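A short write-up of the structure that comes next.
The values are calculated or read from the model by the stated rules, or taken from the named source; none is laboratory data. The model shown is predicted, which means the values in this text are computed figures rather than measured ones. In this analysis, Cβ positions are derived from the backbone assuming ideal geometry, glycine residues included, and neighbour counts consider all displayed protein chains.
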């Protein structure tokens, strides 16, 4: 089972992509920037979750 951070990070990334797309369509630069920031936040959180998964899996092997 993937770490909770991976799931939440992926969801945040997708939400950011949607928000950025809506910002582009409406010409709302603030919304577009928020979407990009959400994507960065989501990717970071996903990476942290990946590290946790790796550590947990390594611990199970030992």
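Brief remarks on what is shown
- Residue pairs whose Cβ atoms lie under 6 Å apart, separated by 6 or more positions or on different chains, with the first residue in segment 36-62 and on the phi < 0 side of the Ramachandran plot and the second outside any helix (DSSP H, G or I) and surrounded by 11 or more Cβ atoms within 10 Å (Cβ to Cβ), are 49/3; 52/3; 53/3.
- Hits in segment 44-62 - residues which are within 16 Å of residue 15 (Cα to Cα) and surrounded by 15 or more Cβ atoms within 10 Å (Cβ to Cβ): 45, 46
- Qualifying residue in segment 2-20 (condition: on the phi > 0 side of the Ramachandran plot, in a loop (DSSP other than H, G, I, E, B) and surrounded by fewer than 14 Cβ atoms within 10 Å (Cβ to Cβ)): no
- The condition (being modelled with pLDDT of 95 or more, closer than 23 Å to residue 7 by Cβ and either within 11 Å of the chain's Cα centre (by Cα) or assigned to a helix (DSSP H, G or I) (or both)) is satisfied by just one residue among 40, 48: 40.
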